[in-house]
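Enquirer: Below is a structure I'd like to ask you about.
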Amino acid sequence: MKKDIEIRKVQDVAIAIIPKDEEFWDVFLINLQDVSLRNVIVNSNGYGNIDGKYLKTTTLRYFYERIPPNTSVKVEPIQRKLLNITNEFWVSFQMSDYLYDKKYVFVSGSLNEMNFTTIPFHEVKGVMIQ
């Protein structure tokens, strides 16, 4: 039965984290598809060690009825002090009458200038997972 379920790979949907100011970075969900994403749910959380103490953030959930083609939406801000822990974003959405999901994981230490790339639709530098 499980073998009969078609698993489709998520393509051209990304999460980007962009520096905003000295205190915050912004998280964006980017739709690089030529079709809308519908009924989008984003779960975010973080975990890891800060100053020798284990920290787990609250799981936050966001819902977007529709994300148009070739656009991005701001999901949330992240405090700079949380950039050194692992940050996860689980994204689920409908596209062309099929349900997709993918987990985007920014591992501890990955949110730094060494990993910067130009973020589509923003034309600024940040870290992106596609």
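Enquirer: List the pairs from 56/125; 3/53; 9/53; 3/74; 9/81 whose alpha-carbon separation is above 31 Å, in the order I gave them.
Expert: Working: 56/125 27 Å; 3/53 43 Å; 9/53 36 Å; 3/74 36 Å; 9/81 33 Å.
Result: 3/53; 9/53; 3/74; 9/81 exceed 31 Å.
Enquirer: May I ask which residue of 41, 75, 54 lies farthest towards the positive end of the charge dipole of the chain, with charges of +1 (Lys, Arg) and -1 (Asp, Glu) on Cβ and the Cα centre as origin?
Expert: About the Cα centre, the residue reaching furthest to the positive side is 54.
Enquirer: From the phi angles alone, apply the Karplus equation (6.51, -1.76, 1.60; θ = phi - 60°) to segment 40-49 and give each ³J(HN,Hα) in whole Hz, x where the residue is Gly or Pro.
Expert: Computed from phi, the couplings for segment 40-49 are 8, 10, 10, 9, 10, 7, x, 7, x, 9 Hz.
Enquirer: Please list the non-local residues whose amide H lies under 5 Å from the amide H of residue 20, H modeled 1.01 Å from N, same-chain partners needing a gap of 5 or more.
Expert: Amide H to amide H, under 5 Å and 5 or more residues apart or across chains, residue 20 pairs with 25, 26.
Enquirer: Taking Rh as the Kirkwood radius computed over C-alpha pairs, what is the Stokes-Einstein D of the chain at 25 °C in a medium of viscosity 0.890 mPa s, expressed in µm² per second? Mind dumping the intermediate values first?
Expert: On the way: Rh = 15.5 Å.
Answer, rounded: 159 µm²/s.
Enquirer: Compute the distance from the alpha-carbon center of segment 84-130 to that of segment 1-36, in whole Å.
Expert: When both Cα centres are located, 6 Å separates them.
Enquirer: While we're looking at this one, here's another question. Cβ neighbours within 10 Å, averaged per peptide: list 35-46, 70-81 in order, most packed at the top. Let's see the in-between values first.
Expert: Details: 35-46: 17.8, 70-81: 15.4.
The peptides rank, most packed first, as 35-46, 70-81.
Every number here is computed from the coordinates shown, using simple stated rules; none is lab data. Keep in mind the model is a prediction, meaning the values are calculated, not measured. Backbone-built Cβ (ideal geometry, glycine too); neighbour counts: all protein chains shown.
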